[in-house]
1. Given label points at 7 Å from Cα along Cα→Cβ, what nm distances, shortest first, separate B:ALA231 from the same residue in every other copy?
2. Could you rank the peptides B:168-174, A:165-171 by their average count of other C-beta atoms within 10 Å per residue, with the highest value first?
3. Which whole-number percent gives the relative contact order of chain B, counting Cα pairs below 8 Å spaced six or more residues apart?
4. So what is the relative contact order of region B:23-116, in percent, for Cα pairs below 8 Å that sit 6 or more residues apart?
5. Is there a simple number for the mean count of other chain Cβ atoms within 10 Å of the Cβ of residues in A:53-64, and what is it?
6. Once you average over the residues of A:84-91, how many Cβ atoms of partner chains fall within 10 Å of each Cβ?
7. Of the beta bridges DSSP finds with both residues in the protein assembly as shown, what % are antiparallel, to the nearest 5?
8. Nearest 10 degrees is fine. How inclined is helix A:190-201 to the longest principal axis of chain A, computing both from alpha carbons?
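Only the coordinates and a few stated rules stand behind these numbers; no lab work does. These numbers come from a predicted model, not from an experiment. Using ideal geometry, Cβ is built from the backbone for each residue, glycine included, and neighbour counts are taken over all protein chains shown.
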Protein chains: 2
Amino acid sequence: MKQQKKSIRTEIFDWNQYLPGISIDCAIFGYHEKELKILILEYRKSGIFALPGGFIRKNESLDAAAKRVLQERTGLDNIYLNQFHTFGSLERDNPEPMRTVLEKNDIPAPDHHFLLQRFISVSYLALVDFKKVEPEPDFFSDSCLWYDVNDLPTLMLDHGQIVQTALRYLRSNINNQVIGQNLLDETFTMGELQKLHETILGENLHRTGFHRKMMLSDRLERLGKKKTGKAHRAPFIYRFKKQS
Amino acid sequence: MKQQKKSIRTEIFDWNQYLPGISIDCAIFGYHEKELKILILEYRKSGIFALPGGFIRKNESLDAAAKRVLQERTGLDNIYLNQFHTFGSLERDNPEPMRTVLEKNDIPAPDHHFLLQRFISVSYLALVDFKKVEPEPDFFSDSCLWYDVNDLPTLMLDHGQIVQTALRYLRSNINNQVIGQNLLDETFTMGELQKLHETILGENLHRTGFHRKMMLSDRLERLGKKKTGKAHRAPFIYRFKKQS
DNA sequence: TTTTATTGTTACACTATTAAACAATGATAA
DNA sequence: TTATCATTGTTTAATAGTGTAACAATAAAA
């Protein structure tokens, strides 16, 4: 973890470069040690947890802004990224969490401060390679860490609902989207792919049925090699076909 | 069609009651004479066509705003309404269409006019009963009319893309959602329901397969009565079960 | 060589879907 | 009254897909 302390000079930060009233929140999923993880940031000194997010520059498209925010937080480009819902409940119209963050960091928090307005949140789902990500806290945050989706802290405002909506979206698209391609290594065994699906769906799948379905889907190619390891038949290793 | 001319006093309209930079656009679908229709409005004297839309009040949730906009345009409450995508391309960052509308109506159009800013559009899909709708033009519009989705005029900005996205959403959800419940009369024949599905999907379905699938879905109840008409067996009439 | 654990394959039952054949029936025409 | 016509409802056969279990293969350890 990088320990370089960034100077918090947000009072002179140019908030004016962004569109007011619209934020982007990202549910960034990764997969590690058989657990589905999501990136959560914690605001400095406040004990307030939130999804990583950002704002839209005045001459930037919505999708480009989401891509930029992702790049800033994960260091990754070319990420699987998908807008899934826009949240605008009145529950969001609550400046208190951000006021606490500002005050705990000794930043003036006048009522008209950019961060204290009501935001409509356009939310994106991202799937990233856990090992390639170097989470980057932002100005106000002292951590941006992976959490097991089943063991999350209480999140700010409606961010808990956003996560649940993202999870539903992920689960309902597990067969349409090429989930594994973005969450697994380049190559993997059938067992590893099945475990990923089970983790996302939160239920066990029948081994042979899953195996057959995947092979019939014609999206995998079997690499002739086998893996070595324990006292049993070695599994084939697979990878997703390039195009589909 | 109501002919009462509303006075166009938009220059004193209180735009300040709305959140800036965010609009709501509605793809409002109806079904009439075996055609899928969508409500399109034409701005007065300008030849500019657009989806009906509106803005979010400062103390109103996003969904409530969409419901209100729908109510204002169709006169209907309790509408099937579903957010499907938020559009924010730079193509939208173009004040010219609205400037034309304002100028053609002799309304001052300074650069800072509310309607000339860049809007991010949260788009909703609505399914309404064609016969119950009394389309209401807004301040700037001289018509709000039903168009066949296959015969639309050129729409403002990216509204054409919005319609196509809404159609894809509708087609992909034709089995998940209870489409017919919102687009057909209370009672209908199996042939009418099939024709609706065919119209939405743009392809022919097998009659007997469709019939059985619908009956097995356990969402229809057959009303003992039959319909009278032509020189052939009379069809049963059906309606959707109350709850599911 | 045998045992063990896990993977890959095959088989069977059951369900869903496609496609066609067939039966039912309200009006019309003979 | 009877035959026919057009359309709807039902049944059947063929095909494809899924859930489940049995069985075969095999790498390492005993």
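1. Label-point separations across copies, in nm and ascending: 8.4.
2. Working: B:168-174: 15.0, A:165-171: 18.0.
Per-residue mean Cβ counts within 10 Å order the peptides as A:165-171, B:168-174.
3. 23
4. Result for region B:23-116 is 23 percent.
5. Numbers: counts 0, 0, 0, 4, 0, 3, 3, 3, 8, 8, 3, 3.
If you average over the peptide's residues, the count of other-chain Cβ atoms is 3.
6. That works out to 6 on average.
7. Within the protein assembly as shown, antiparallel bridges account for around 75 percent of the total.
8. 40
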